[in-house]
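Engineer: Have a look at this one.
The values are calculated or read from the model by the stated rules, or taken from the named source; none is laboratory data. Predicted, not measured: the structure shown is a model, and the values here were computed from it. Using ideal geometry, Cβ is built from the backbone for each residue, glycine included, and neighbour counts are taken over all protein chains shown.
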There are 2 protein chains.
Amino acid sequence: MLQSYLFTKTKREAPKDEEAINAQLLIRGGFVDKLAAGIYNFLPLGLRVLRKIENIIREEMMAIGGQEILMAALHPKEIWEITGRWKNFDALFKFKGIGDKEYALGATHEEIVSPLTEKFVFSYKDLPLYLFQIQTKFRNETRAKSGILRTKEFSMKDFYSFHADLEDLDEYHSKMIKVYFKIFERCGLRDVTYLTVASGGAFSEYSHEFQVVAPQGEDTIYVCQKCKLAINEEIKKENSTCSDCGFSEFKKMNAIEIGNIFKLGTRFSEPFKLKFKDQNGKEKLVVMGCYGIGPSRVMGTVVEIFNDEKGIIWPEEIAPFKVHLLYLGETKDKADKLYENLQKLKIEVLYDDRENSAGEKFADADLIGIPWRVVVSEKTGKKFEIKNRKEKEVKLVDEKELMKILSE
Amino acid sequence: MLQSYLFTKTKREAPKDEEAINAQLLIRGGFVDKLAAGIYNFLPLGLRVLRKIENIIREEMMAIGGQEILMAALHPKEIWEITGRWKNFDALFKFKGIGDKEYALGATHEEIVSPLTEKFVFSYKDLPLYLFQIQTKFRNETRAKSGILRTKEFSMKDFYSFHADLEDLDEYHSKMIKVYFKIFERCGLRDVTYLTVASGGAFSEYSHEFQVVAPQGEDTIYVCQKCKLAINEEIKKENSTCSDCGFSEFKKMNAIEIGNIFKLGTRFSEPFKLKFKDQNGKEKLVVMGCYGIGPSRVMGTVVEIFNDEKGIIWPEEIAPFKVHLLYLGETKDKADKLYENLQKLKIEVLYDDRENSAGEKFADADLIGIPWRVVVSEKTGKKFEIKNRKEKEVKLVDEKELMKILSE
């Protein structure tokens, strides 16, 4: 994409009403725009990142058998009354439509997916079943000071699994933990993400969260210094030992929750009469699990973790582009040609074709944070300057070497 | 995809609470599920169709310079008060959040895109500018009897153009009409879609609608019998002549509106102070246009138009799959092999690998309406039976001929 074509412009100053680093850098870089407290518009660069994260999640969810659907965001009151959550789910936006009919905006979808599944599941032969969606969720959040980490409207992947018994759920749950780590690996967060035992709320004794260690995190976790399993402060008792390895040394850390998985059991299949006939013709309740990841929260977390004083440092698989191509001085023809050649190789390039100063171009490239910066200038002759955003040194390479590095 | 894997099942009977053909067939085929009046869930087959329509639109919008963004669905009251539409836009869902802050759910996005653009447009050099999004819209609809044609929550592509003057808007507007016809061509609707002059509402004298002639259509249009330009009943005067060719013979027809385009002029740039400096440094108001298409409405319209007593007949480019592969009798191994070979050629196949009867398989294939049905059976020897959903005759072809037909 030509940078001259991109309608957003970078900003030198961070907006004064944003405390969070993610919001400051994402707004300065032209990734997002703040509409109101806790409400953001995604601009072209930001939407590219968000879609890449969503697509990684989609691929991995399909790879473990998930069927993608898209459930409604408008929920009739009656369906939330069946589980008692019309009154008990604090963050529901509620309102009336034509004929005084009452609705909630989808904050989560157990109330929708359970009766939907009930229409199609009859026998043990229909199980297990895995459904997911990637959709905008709405929550009436009180706190909205964390940029895109905690918003009133956000992208969410919610996955629901349906099983004949608890053993099958347990097995799938263990598989999902591995898949989640694969997703966070692809998003560049694997090394800072900890599986964390947390409260199960009304559903079960425990749930599992995926917590990214970050100084700005709202959560506090205790990481076992032997096996790295963490415990959320909300359930940590004094002098407790690790439930996995028995060790008793923990390190207290701030963290951001980027995913959570619950064994729902029959909490929702019971009120919605979601039953099946087993191999002996006996009617049983379906056993459920649910598994969430917020793509926009992952995006914000990545920015919180990977940045320096100059800007964002995107992990390669979720960067808006792979290469940021800059030209300096009278080298536009040469840069145009390179842009064309990179596109032929299907390498994603943001090409700064503007007549701005070298200083402005370098500052923009550092702020936007694309992994590979390639500079065409008069002083490098037939060679090109290449630099990784994570590193300090610059390399001079010919076109063949350049293409080799960028095709890896 | 294996049909045994798909969690939806077809239904013989249409749901009793649905009058519209589109809802009856889409629910029977397992494309959508009704949650409440005017609210639907999209199931795997339906989501595939919806995404294909959205992607056709996205491609064409990018091809004429559109930059994709994603604006918020939660809108603060204040922003809708600036244009006076908080009170005047009937179909707005309105509600209160934390701290009694009032919101509307996005029914259209002029109130969001105008102040957003104001942050990035300063000079004539920043114009023209084209922004679009594909997003869920919400409207508090009174009528909800047309299946997915008119719903309280629906997929919408809204595109906004920003120009230095009216001439530039006019020129772009004409280009957009051609692009819209290309989109409807790709969706299989070109021959039944009429450009229709309609009321401009509060914005301008006229607007343009794209109307698909269908007996069930809620709108009435008068089609000029010479040049095919149509006039919406709401602005048709007695004894009027065609504004394009001067002819005075019209045919009255029912139609479904699947797109509309407006010359907004300065209706929104004025209240939001969306200005730019022209080449002489003089400050002027930006001139705007807006261009809508509802992908879910296109999907419903296609089903209204293309069906027979057995089911849906999808146009090829938006069909959930290109090929429906069925096996009969003891031929599963042969069909498995063909499925594998089709997938190698990247042809999208739904493979009915179930042990159901031939009658059930044929009925499902006709109901689901995938363009090419391929049958593997004992009586055809080394050949395969191929049939197009639109035609009656069946052909017997060898694998080479089959692949040739399906690769076209």
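Engineer: Return the only residue of A:I258, A:I231, A:I235, A:I221 being among the β-branched types (V, I, T), in contact (Cβ under 8 Å) with a residue 60 or more places away in the chain, in contact with a strand residue (DSSP E or B) (Cβ under 7 Å, 6 or more places away or on another chain) and surrounded by 15 or more Cβ atoms within 10 Å (Cβ to Cβ).
Structural biologist: A:I258
Engineer: Something else now. Restricting attention to the stretch A:51-67, does a residue exist that is of a type outside the set (S, T, N, Q), assigned by TED's automatic domain parsing to the domain that holds A:I261, farther than 25 Å from A:Y180 by Cβ and touching a Lys or Arg at 6+ places or on another chain (Cβ under 9 Å)?
Structural biologist: no
Engineer: Would you confirm whether or not the stretch B:16-31 contains a residue that is of a type in the set (V, I, T) and without any contact (Cβ under 8 Å) to a residue 24 or more places away in the chain?
Structural biologist: yes
Engineer: Right, here's the next one. Looking at the structure I just gave you, is B:L25 in the same structural domain as B:P215 (by TED's automatic domain parsing), crowded, with 16+ Cβ neighbours inside 10 Å, over 30 Å from A:Y5 (Cα atoms) and touching a helix residue (DSSP H, G or I) at 6+ places or on another chain (Cβ under 6 Å)?
Structural biologist: yes
Engineer: Being within 30 Å of B:G38 (Cα to Cα) and without any contact (Cβ under 8 Å) to a residue 40 or more places away in the chain: is that true of B:K252 here?
Structural biologist: Taking the combined requirement at face value, the residue satisfies it.
Engineer: Which one of these is in a helix (DSSP H, G or I), in the same structural domain as B:F276 (by TED's automatic domain parsing) and buried (at least 18 other Cβ atoms within 10 Å of the Cβ): B:T151, B:T117?
Structural biologist: It is B:T117.
Engineer: I've got another one for you. How many residues are within 10 Å of chain B (Cβ to nearest Cβ), of a type outside the set (D, E, K, R) and assigned to a loop (DSSP other than H, G, I, E, B) if we restrict to the stretch A:79-105?
Structural biologist: Counting residues in the stretch A:79-105 that are within 10 Å of chain B (Cβ to nearest Cβ), of a type outside the set (D, E, K, R) and assigned to a loop (DSSP other than H, G, I, E, B) gives 3.
Engineer: Restricting to the stretch A:63-78, what's the tally of residues that are surrounded by 19 or more Cβ atoms within 10 Å (Cβ to Cβ), more than 7 Å from chain B (Cβ to nearest Cβ) and either of a type in the set (A, V, I, L, M, F, W, C) or touching an Asp or Glu at 6+ places or on another chain (Cβ under 7 Å) (or both)?
Structural biologist: The number of residues fulfilling the criteria is 1.
Engineer: Among the residues of the stretch B:108-136, write down those that are of a type outside the set (V, I, T), within 30 Å of B:V212 (Cα to Cα) and out of contact with any Phe, Trp or Tyr (no Cβ under 6 Å at 6 or more places or on another chain).
Structural biologist: Residues satisfying the conditions are B:H109, B:Y130, B:Q133, B:Q135.
Engineer: Also, quick follow-up: Go through the residues of the stretch B:212-227 one by one and say whether even a single one is out of contact with any Ser or Thr (no Cβ under 6 Å at 6 or more places or on another chain), among the β-branched types (V, I, T) and farther than 30 Å from B:A365 by Cβ.
Structural biologist: Yes, the stretch B:212-227 contains at least one residue that is out of contact with any Ser or Thr (no Cβ under 6 Å at 6 or more places or on another chain), among the β-branched types (V, I, T) and farther than 30 Å from B:A365 by Cβ.
Engineer: Quick one: how many residues across the stretch A:131-140 are surrounded by 20 or more Cβ atoms within 10 Å (Cβ to Cβ) and within 9 Å of chain B (Cβ to nearest Cβ)?
Structural biologist: Result for the stretch A:131-140: 4.
Engineer: Any chance you could count how many residues in the stretch A:120-130 are part of a helix (DSSP H, G or I) and either surrounded by 20 or more Cβ atoms within 10 Å (Cβ to Cβ) or within 9 Å of chain B (Cβ to nearest Cβ) (or both)?
Structural biologist: Of the residues in that region, 1 qualify.
Engineer: In the stretch B:89-104, how many are more than 14 Å from A:A36 (Cβ to Cβ) and under 27 Å from the mean Cα position of the chain (by Cα)?
Structural biologist: 6
Engineer: When you scan the stretch B:323-337, do you find a residue that is within 18 Å of B:V49 (Cβ to Cβ), free of Cβ contacts under 8 Å to residues at least 60 places away in the same chain and crowded, with 18+ Cβ neighbours inside 10 Å, even just one?
Structural biologist: Checked the stretch B:323-337: at least one residue is within 18 Å of B:V49 (Cβ to Cβ), free of Cβ contacts under 8 Å to residues at least 60 places away in the same chain and crowded, with 18+ Cβ neighbours inside 10 Å.
Engineer: Identify all residues within the stretch B:34-60 that are surrounded by fewer than 23 Cβ atoms within 10 Å (Cβ to Cβ) and either free of Cβ contacts under 8 Å to residues at least 24 places away in the same chain or at positive phi (or both); write none if there are none.
Structural biologist: B:K34, B:L35, B:A36, B:N41, B:L47, B:R51, B:N55, B:E59
Engineer: Continuing with this model, one more query. If you take the residues in the stretch A:52-62 that are of a type outside the set (A, V, I, L, M) and within 14 Å of chain B (Cβ to nearest Cβ), which one is farthest from B:L45 (Cα to Cα)?
Structural biologist: Of everything passing the filter in the stretch A:52-62, A:K52 is farthest from B:L45 (Cα to Cα).
Engineer: Restricting attention to the stretch A:390-408, report how many residues are touching a Lys or Arg at 6+ places or on another chain (Cβ under 8 Å), more than 21 Å from A:Q343 (Cβ to Cβ) and not in a strand (DSSP E or B).
Structural biologist: The qualifying residues number 2.
Engineer: Continuing with the same structure: Could you pull out the residue among A:I56, A:I39 that is closer than 25 Å to B:M62 by Cα and modelled with pLDDT of 95 or more?
Structural biologist: Step by step, each of A:I56, A:I39 is checked, and only A:I56 is closer than 25 Å to B:M62 by Cα and modelled with pLDDT of 95 or more.
Engineer: Residue under question is A:T108, and the condition is that it be under 23 Å from B:Q135 (Cα atoms) and not in a helix (DSSP H, G or I); does it hold?
Structural biologist: Answer is yes for this residue.
Engineer: State the number of residues belonging to the stretch B:364-389 that are part of a strand (DSSP E or B) and in contact with a helix residue (DSSP H, G or I) (Cβ under 8 Å, 6 or more places away or on another chain).
Structural biologist: Counting residues in the stretch B:364-389 that are part of a strand (DSSP E or B) and in contact with a helix residue (DSSP H, G or I) (Cβ under 8 Å, 6 or more places away or on another chain) gives 6.
Engineer: Separate question: Just to check your reading of the model, which residue among A:E234, A:E238 is of a type in the set (D, E), part of a helix (DSSP H, G or I) and modelled with pLDDT under 95?
Structural biologist: When all the criteria are applied, what remains is A:E234.
Engineer: So which of A:E18, A:E13 ends up being in a loop (DSSP other than H, G, I, E, B), over 20 Å from A:Q216 (Cα atoms) and either away from chain B (no Cβ under 14 Å) or at pLDDT below 95 (or both)?
Structural biologist: A:E13
Engineer: Contact list please: Cβ distance under 6 Å, first residue in the stretch B:154-178 and under 22 Å from B:F210 (Cβ atoms), second residue part of a helix (DSSP H, G or I) and among the β-branched types (V, I, T), pairs at least six apart or on different chains.
Structural biologist: As it stands, the answer is B:K157/B:I57; B:Y160/B:V113, since those pairs meet every condition given.
Engineer: Could you check B:L26 against (1) within 18 Å of B:K152 (Cα to Cα); (2) in a helix (DSSP H, G or I); (3) within 13 Å of chain A (Cβ to nearest Cβ) and say which number it fails?
Structural biologist: (3)
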